[in-house]
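Right, one structure below, let's go through it.
Just so you know, all these numbers are worked out from the coordinates, no wet-lab data involved. Quick caveat, the model's predicted, so the values are computed rather than measured. Note that each Cβ is placed from the backbone with ideal geometry, even for glycine, and that neighbours are counted across all protein chains shown.
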């Protein structure tokens, strides 16, 4: 039986999951592929560490270059993560005309354009299904399933850690710090959770999705990014009272030829499909001009869901090598030479939720609403919670659609009022028709 030889760089959680999946589903893969996937070499800095899969010790090495230089290996699978070392190994693989599979979202969001173009020039494949939303087959849908559509918008929950934290805060009415500690104890959050809770991981994924969806490279530094550290349990309760849920969203929209790209927490109506996505699950809502609305849902991380996506790329490339060798695998995505024009965040329009902590005394609300009105912001509703004369109480405001720059000017003026005791919490509202 014909075979395709692969070399794996990185034998950690995902790497061992890939090996396990190939071993356990060998017969199924052979049936669907019409050939064999053979793991020829595996490189890792620690080949003695115990793992949940058994391999022939002779294929293990601490020398990544021995894998990259092996002339019999057709596909390099990069699963080490990070930037510098991973980039060097990916460049080496492509320079040797080897096909590349990677789950490295951070690398692709910063160096993807270089890798896509190098792969195209070398006429080799680059697969990255596992880089966004784990086992959800979203990348392939964007590249192939929606190839005839103009994508209008992408709105998604793409970070399971943040979704777990916000879901648990909503269900248990506990504060952020306590729930974060619980997520770390369960292994859903890293000891240093910044990549997740500060929105950076979501921005990496949005960059990849938006670049594929709109066919032009979206610079990572043009994506507006906010995390969830500022979300208080009281905000979740007020949102619930108003008929909303709070989620960390990755948003890319193309309106009138202009592209918005932003990551931030937002209120969404409780009857919205995304509002029901709980725990560590991911969901991405895509709107195309021909296909209409689509929802992709599933586990966005974890050893075996991610391994499933990696193996799907391996099999897709292997199928081409086995059955149409002249095609040299799967063409890389075609990205425009010009970078995408991303709107300045200050020009984006949205509805807003505000929680203002102000001294309970006559005239305070009129001063706040006066500032909003002077900046062209009109109010949908106001909730004034509690009565504690001369003490700070929350004023919760929902606004009609307004320009971000106008809202930021309003916030600076409101926070300078002598009756406001702390920085105002401002969250955008998505999924409503103003």
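If you take the alpha carbon radius of gyration of region 345-429 and divide it by 2.2 N^0.38 Å, what ratio comes out, to two decimals?
For region 345-429, the normalised Cα radius of gyration is 1.02.
Using 0.36 nm per residue of separation minus the Cα-Cα distance, give me the extension gain between residue 3 and residue 417 in nm, one decimal.
Difference between extended and current length: 141.9 nm.
So for 198, 415, fewest C-beta neighbours within 10 Å to most, what's the order?
415, 198
With Cα Rg over 2.2 N^0.38 Å in mind, check [x] 1.04; [y] 0.98; [z] 1.10 and report the label derived from this structure.
So the structure-derived entry is [z].
Expressed as an acute angle from 0 to 90° and rounded to the nearest 10, what is the orientation of the C-alpha long axis of helix 13-24 relative to the principal long axis of the chain?
50 degrees
Give me the number: length gained by fully extending residue 47 to residue 383, i.e. 0.36 nm times residue separation minus the C-alpha to C-alpha distance, one decimal in nm. The partial results should precede the final answer.
Numbers: separation 336, 0.36 × 336 = 120.96 nm, distance 5.96 nm.
Contour length minus the Cα-Cα distance gives 115.0 nm.
DSSP beta bridges in the chain, what fraction antiparallel, as a percent rounded to 5? Before the final figure, lay out the partial values.
Values: 50 of 77 bridges.
So the antiparallel bridges amount to about 65 percent of the total.
Between residue 408 and residue 56, what is the label-to-label distance in nm when each label sits 7 Å out along the Cα-to-Cβ direction?
5.9 nm
Taking 0.36 nm per residue of separation and subtracting the Cα-Cα distance, what length does fully extending residue 376 through residue 26 add?
Roughly 119.7 nm would be gained on extension.
If we count other beta carbons within 10 Å of each Cβ, what is the order of 240, 262, fewest first?
So the residues, fewest neighbours to most, are 240, 262.
For an R0 of 51 angstrom, estimate the FRET efficiency from the Cβ-Cβ distance between residue 221 and residue 63 and round to the nearest 0.05.
After rounding to 0.05, the efficiency reads 0.90.
Would you give the gap between the C-alpha center of region 116-144 and the C-alpha center of region 29-70, rounded to a whole Å?
Going from one Cα centre to the other spans 22 Å.
What is the distance, in nm, between label points placed 7 Å from the Cα along the Cα-to-Cβ direction at residue 230 and at residue 336?
About 3.2 nm separates the two model spin labels.
Kindly give the semi-axes, whole Å and largest first, of the ellipsoid equivalent to region 99-155, taking each as the square root of 5 times a Cα gyration tensor eigenvalue.
So the equivalent ellipsoid measures 20, 15, 11 Å along its semi-axes.
Hey, fewest Cβ within 10 Å first, where do 45, 167, 306, 110 land in order?
45, 110, 167, 306
Residue 344 to residue 121: FRET efficiency via 1/(1 + (r/R0)^6), r the Cβ-Cβ distance, R0 25 Å, to the nearest 0.05? Don't skip to the end; give the middle numbers.
Working: r = 34 Å, r/R0 = 1.35.
So, using R0 = 25 Å, E works out to roughly 0.15.
Per DSSP helix of 4 or more residues, -39500 (n - 2.57); summed, then divided by the residues of the chain. What does that give at 222 nm, rounded to the nearest 500?
That comes out to -10500 deg cm²/dmol.
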